[in-house]
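Each reported figure results from applying straightforward, stated rules to the coordinates on display, with no laboratory input. Quantities reported herein were computed from a predicted structural model and do not represent experimental measurements. Glycine also receives a Cβ, built like all others from the backbone with ideal geometry; neighbour counts cover every protein chain displayed.
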Amino acid sequence: MQSKATAVWQGTLKEGEGRLTTTSDALRNTSYTFKTRFEGANGTNPEELLGAAHAGCFSMALSMILGEANLTPERIETQATVSLEQDGEGFTIKTVHLDVNATVPGASDADFQEAAGKAKGGCPLSKVLNAEITMNATLAGA
């Protein structure tokens, strides 16, 4: 299986603009700039997109692992915080923190924490990231 995305950048780093497009058209000429990446301007940036992808990957992995334990999640909400930090003259993603809140009828907190830990280490995006990945996982009603 392959997934493709295209980025086109025009202009200088600070004055230019990029456009992101995916083959699925989930992103279609979506704009990103220096200001959206480093100055908090409205719009997306690569780290935000990586966070969305990681949160989605983790949530699917957790659902699979819970299902293997005969548990069906009603809801899994995952927020990924990607930290881009200055590293010498460049930048590095050093950490990703996952905040997970889930409603899983019949799950004990111990079973949920075990499943969440397996999903954190097992989702393909966790495996590809060379960053420390931390997590807080909360089971509703536990």
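Taking the alpha carbon gyration tensor of segment 51-98, what are the square roots of 5 times its eigenvalues, largest first, to the nearest whole Å?
After diagonalising the Cα gyration tensor, the semi-axes are 31, 9, 6 Å.
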| If the cut-off is 12 Å between C-alpha atoms, which aspartates and glutamates fall inside it for residue 4, apart from same-chain ones fewer than 8 positions away? | 25
| message | With only alpha-carbon pairs counted, each pair once and no self-pairs, how large is the Kirkwood hydrodynamic radius of the chain in angstroms? | response | 16.7
| task | Working from Cα positions, state the angle (0 to 90°, nearest 10) between the long axis of helix 46-68 and the longest principal axis of the chain. | result | 20
| Stretchable slack from residue 26 to residue 95, in nm (0.36 nm times residue separation minus alpha-carbon distance) | 22.2 nm
| message | Restricting to DSSP loop positions (anything but H, G, I, E, B) with no more than 12 other Cβ atoms inside 10 Å of their own Cβ, which chymotrypsin sites (Phe, Trp or Tyr not before Pro) remain in segment 47-142? | response | none
| If the cut-off is 20 Å between C-alpha atoms, which lysines fall inside it for residue 118, apart from same-chain ones fewer than 8 positions away? | 127
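For segment 16-56, compute Rh as the Kirkwood radius over C-alpha pairs and then the Stokes-Einstein diffusion coefficient at 4 °C and 1.567 mPa s; write the answer in µm²/s, rounded to an integer. Provide the component values of the computation, followed by the final result.
Working: Rh = 10.7 Å.
D = 122 µm²/s.
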